[in-house]
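> Please find one structure pasted underneath; my questions will follow.
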Amino acid sequence: FFNYTFMILLCTIMLYPILNTLAISLNDASDSIRGGIFLIPRKFTLYNYQHVLTEASLLASFGMSVLRTLIGTLISVLCTAMVAYTISRQEFVLRNFVTIAFVLTMYFSGGLIPTYLLVRDLGLIGSFWVYILPGVIGVFNLIVIRSFIEGLPESLMESAKIDGAGDFTIFFKIVLPLCVPVLATVSLFVAV
């Protein structure tokens, strides 16, 4: 009895704001100003949705969001995987220094004004790339991918080097296909 009562109360608390917002959106705008709409609209209309969906700026904004998500996710995951592969290699001399430098950026940022100045000096203001480039590499995602790559058998990379493969070939033909599970996970993180 307690569990059912608690779950019904919890569902009501969660659903009420959604249903209230839906009722207000389906009500006439001038009537909504009066207030007092709870779960059922007083003057039902679909004009609000018609008006919003015919707004060109809304459709352009939606398109920009979709492009930012798709392009940003692809570029971010690829760049993060490349850096993760580099710092996972034992033969990379600066691997500890680069790792510490990245981890420090997780805890200490440059701040709002230096970030703005950097974006301005790079000429990104008013550009589509301002949404993507400043956050290309996420340090948490970098650590996740690096840890996964370090768990791969080193003999795969060594045998590829013996066969004459360079680092790019090893990365794109051996490491990247083996990293599909972690890349899918990181892609979900970045897209959200």
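The values are calculated or read from the model by the stated rules, or taken from the named source; none is laboratory data. The model shown is predicted, which means the values in this text are computed figures rather than measured ones. Glycine gets a Cβ as well: all are built from the backbone with ideal geometry, and neighbour counts include every protein chain shown. Please note that ligands, DNA and RNA were not included when accessible areas were found on the heavy atoms of the full protein model with its side chains. Shrake-Rupley method; radii C 1.70, N 1.55, O 1.52, S 1.80 Å.
> Just wondering, is there one or more residues in the range 138-148 that are touching a residue at least 60 places away in the same chain (Cβ under 8 Å), touching a Cys at 6+ places or on another chain (Cβ under 6 Å) and among the β-branched types (Val, Ile, Thr)?
Scanning the range 138-148 turns up no residue that is touching a residue at least 60 places away in the same chain (Cβ under 8 Å), touching a Cys at 6+ places or on another chain (Cβ under 6 Å) and among the β-branched types (Val, Ile, Thr).
> Filter the range 27-45 for residues that are out of contact with any strand residue (DSSP E or B) (no Cβ under 6 Å at 6 or more places or on another chain) and among the aliphatic types (A, V, I, L, M); which is surrounded by the fewest Cβ atoms within 10 Å (Cβ to Cβ)?
33
> Does at least one position in the range 67-89 carry a residue that is farther than 25 Å from residue 173 by Cα, open to solvent by less than 90 Å² (accessible area, probe 1.4 Å), assigned to a helix (DSSP H, G or I) and of a type in the set (Ser, Thr, Tyr)?
Checked against the condition, which is being farther than 25 Å from residue 173 by Cα, open to solvent by less than 90 Å² (accessible area, probe 1.4 Å), assigned to a helix (DSSP H, G or I) and of a type in the set (Ser, Thr, Tyr), the range 67-89 yields at least one hit.
> For residues that are of a type outside the set (D, E, K, R) and more than 22 Å from residue 102 (Cβ to Cβ), scanning just the range 160-169, find the one that is least open to solvent (accessible area, probe 1.4 Å).
Among residues in the range 160-169 that are of a type outside the set (D, E, K, R) and more than 22 Å from residue 102 (Cβ to Cβ), the one least open to solvent (accessible area, probe 1.4 Å) is 160.
A quick yes/no check of all residues on (1) exposed (fewer than 11 other Cβ atoms within 10 Å of the Cβ); (2) modelled with pLDDT under 95; (3) touching a strand residue (DSSP E or B) at 6+ places or on another chain (Cβ under 9 Å):
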residue	(1), (2), (3)
128	no, yes, no
135	yes, yes, no
158	no, yes, no
185	no, no, no
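> Here are the criteria: (1) assigned to a helix (DSSP H, G or I); (2) in contact with a Phe, Trp or Tyr (Cβ under 9 Å, 6 or more places away or on another chain). Tell me which single one residue 31 does not satisfy.
Of the numbered conditions (1) assigned to a helix (DSSP H, G or I); (2) in contact with a Phe, Trp or Tyr (Cβ under 9 Å, 6 or more places away or on another chain), the odd one out for residue 31 is (2).
> Also, I was wondering about something else. Kindly provide the set of residues from the range 148-164 that are assigned to a helix (DSSP H, G or I) and either closer than 13 Å to residue 178 by Cα or of a type in the set (D, E, K, R) (or both), ordered by number.
148, 149, 150, 154, 156, 157, 158, 161
Residue-by-condition table, conditions (1) within 30 Å of residue 191 (Cβ to Cβ); (2) out of contact with any helix residue (DSSP H, G or I) (no Cβ under 9 Å at 6 or more places or on another chain):
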position: 1; (1), (2): no, yes
position: 15; (1), (2): yes, yes
position: 21; (1), (2): yes, yes
position: 30; (1), (2): no, yes
position: 42; (1), (2): no, no
position: 46; (1), (2): no, yes
position: 54; (1), (2): yes, yes
position: 59; (1), (2): yes, no
position: 64; (1), (2): yes, no
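> Out of (1) open to solvent by 40 Å² or more (accessible area, probe 1.4 Å); (2) part of a helix (DSSP H, G or I), the odd one out for residue 145 is which?
So the condition that residue 145 fails would be (1).
> For residue 97, indicate whether it is open to solvent by 90 Å² or more (accessible area, probe 1.4 Å) and modelled with pLDDT of 95 or more.
Taking the combined requirement at face value, the residue satisfies it.
> Pairs, please: C-beta under 9 Å, at least 6 apart or cross-chain, first residue closer than 23 Å to residue 85 by Cα and in the range 99-110, second assigned to a helix (DSSP H, G or I) and open to solvent by 50 Å² or more (accessible area, probe 1.4 Å)?
Final answer for the pair search is 99/143; 102/143; 103/143; 106/140; 106/143.
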